[in-house]
Amino acid sequence: DSSEITEVENYVKANNPEPNPEYFGKAKGMNVVYVSMESLQSFVIDYKVNGKEVTPFLNSLVEDEGAFYFDNFFHQTGQGKTSDAEFMMENSLYPLPQGSVFMTHAENTFQSAPAILKSKGYTSAVFHGNYKTFWNRSEIYRSFGYDHFFDATYYNMDNKEELVDYGLKDKPFFEESMPMLEGLPQPFYSKFISLSNHFPFDKHENDTDFAEGEFGDGVVNRYFQTAHYMDQALEQFFNDLKDSGLYDNTVVVLYGDHYGVSENHNDAMSKVLGEDITDVKNADLQRVPLFIHVPGMEGEVNHTYSGQIDVRPTLMHLLGVETKDYIEFGQDLFSEDRKEIVPFRNGDVISEKFSDIKGVCYDNESGKPVDEKMCTNIKDDATKRLSLSDKVIYEDLLRFYKPKNYEPIDRKDYQYINPNP
Ligand code: GP9
Ligand code: MN
């Protein structure tokens with residue numbers, strides 16, 4: 001009932017740090033482009049196979065484009081994989097301990113980024129080379145208030161060479177997306193969901209001259225090849241954004257959605273990294289890349305311990321949108337007094353100094369186990385955040401909550417009709 005939302009509201013208000021005035025509003029009125037980079041983990045950044053960089057384009061973004069890069073940024077997804085990552089980015093609520101919110105709670109009331117920005121004059125759109133029902137996207141996007149969903153029916157899906165299991169390969173996907181993006185009224189809030197670097201990382205040997213790795217495991221070997229192909233597709237997309245003139249007026253956020261190489265491939269991964277894949281190392285490997293490019297700002301590498309939950313307030317504050325009246329569990333990545341804590345759905349918690357991995361408390365610096373008491377604080381904090389967020393979803397509590405200066409949306413006003421029925 002409504003007293004429960006008051007408990008959540010009080011917690012959120014007491015625990016969300018103030019935005020950093022040096023960043024607040026720096027991207028006011030600009031367009032937004034999000035890119036979900038399928039299965040991309042941070043270990044590929046600056047990694048070389050046979051002396052060649054796997055992701056030369058991404059590696060150049062800080063230096064050449066002035067992007068921000070977050071090297072202690074983690075995915076926090078559960079069974080909902082891509083959809084869980086999307087859910088956090090749009091809502092700054094945690095995904096559920098089981099299943100995907102997209103599948104189980106699509107008709108809840110949400111106060112999502114597309115709806116928040118709608119009242120600021122934004123048009124919103126999702127671009128994805130798979131069909132709209134996958135992950136129940138065409139239902140939950142209505143609850144998020146997405147104006148447009150350009151799914152596979154908007155793309156040329158006739159050439160078998162250009163398809164992988166889940167849809168269109170990244171290069172044709174971004175290429176065919178450009179005219180649709182350019183056709184949107186500005187400012188727009190948009191999301192591109194890439195596909196090529198999806199398990200089992202195949203069907204790209206003729207699309208790049210990047211050789212497979214030689215680590216005795218086909219999945220790991222090919223991962224570098226499909227990641228390289230995605231990197232090239234992203235470079236092409238950036239060039240197209242520049243040619244269209246959009247680049248100078250658009251915030252671009254690139255994020256890895258979740259891990260691609262599971263623990264089943266630890267033998268090969270220990271060859272890749274030249275060290276044993278311990279529990280701590282496996283937790284380390286849940287880092288995914290996050291890049292934010294803000295036109296006119298000089299970026300840098302930022303080391304704050306953070307996760308996908310934290311991106312929405314960061315973006316909103318860059319756009320000059322206050323978030324203190326929204327129910328959100330993330331903390332602005334640029335805030336001076338953010339608490340560096342990353343709760344995971346498997347029960348692990350990583351923080352700036354200590355990490356609780358599979359019930360053992362470790363000191364980050366030494367990597368050695370320490371007295372479990374050192375992790376009590378972060379564990380309690382993580383449990384509190386996760387359980388309040390879960391309650392919001394399970395009991396559909398945002399029904400009872402009306403943020404100030406927010407115009408509620410009605411999911412009935414949104415639907416996504418195929419262009420060629
Ligand atoms: C499917 C794509 C992949 O449309 O987003 O989803 P995943 O299997 O990574 O969750
Ligand atoms: Mn995915």
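The values are calculated or read from the model by the stated rules, or taken from the named source; none is laboratory data. Keep in mind that what you see is a predicted model, and the values were worked out from it rather than measured. As a convention, Cβ positions derive from the backbone with ideal geometry for all residues, glycine included, and neighbour counts pool all protein chains shown. With ligands, DNA and RNA removed, areas are computed over all heavy atoms of the protein, side chains included. Shrake-Rupley method; radii C 1.70, N 1.55, O 1.52, S 1.80 Å.
Restricting attention to region 138-172, report how many residues are within 16 Å of ligand 2 (Cβ to nearest atom), in a loop (DSSP other than H, G, I, E, B) and in contact with a helix residue (DSSP H, G or I) (Cβ under 7 Å, 6 or more places away or on another chain).
Count: 1.
Looking at (1) open to solvent by less than 10 Å² (accessible area, probe 1.4 Å); (2) β-branched (V, I, T); (3) more than 23 Å from A27 (Cα to Cα), can you tell me which one V280 breaks?
(1)
Which of the residues spanning region 91-129 are within 16 Å of ligand 2 (Cβ to nearest atom) and closer than 16 Å to Y416 by Cβ?
Scanning region 91-129 gives F102, V126, F127, H128, G129.
Do you know which of the residues in region 79-93 that are open to solvent by less than 10 Å² (accessible area, probe 1.4 Å) and not in a helix (DSSP H, G or I) is nearest to Y255 (Cα to Cα)?
S92
Please specify each residue of region 187-232 satisfying the condition of being within 16 Å of ligand 2 (Cβ to nearest atom), among the hydrophobic types (A, V, I, L, M, F, W, C) and touching a Ser or Thr at 6+ places or on another chain (Cβ under 8 Å).
Passing the criteria: F192, I193, F199, F201, A227, M230.
Spot the failing condition for S177; the list is (1) small (G, A, S); (2) out of contact with any Leu (no Cβ under 9 Å at 6 or more places or on another chain); (3) within 16 Å of ligand 2 (Cβ to nearest atom), and only one is missed.
Only one criterion in (1) small (G, A, S); (2) out of contact with any Leu (no Cβ under 9 Å at 6 or more places or on another chain); (3) within 16 Å of ligand 2 (Cβ to nearest atom) is unmet by S177, namely (3).
Please work out which one of (1) touching a helix residue (DSSP H, G or I) at 6+ places or on another chain (Cβ under 6 Å); (2) more than 16 Å from ligand 1 (Cβ to nearest atom); (3) assigned to a loop (DSSP other than H, G, I, E, B) is the condition H258 fails and give its number.
(2)
Name the residues in region 233-269 that are open to solvent by 10 Å² or more (accessible area, probe 1.4 Å), away from ligand 2 (no atom under 16 Å from the Cβ) and of a type in the set (F, W, Y), would you?
Y247
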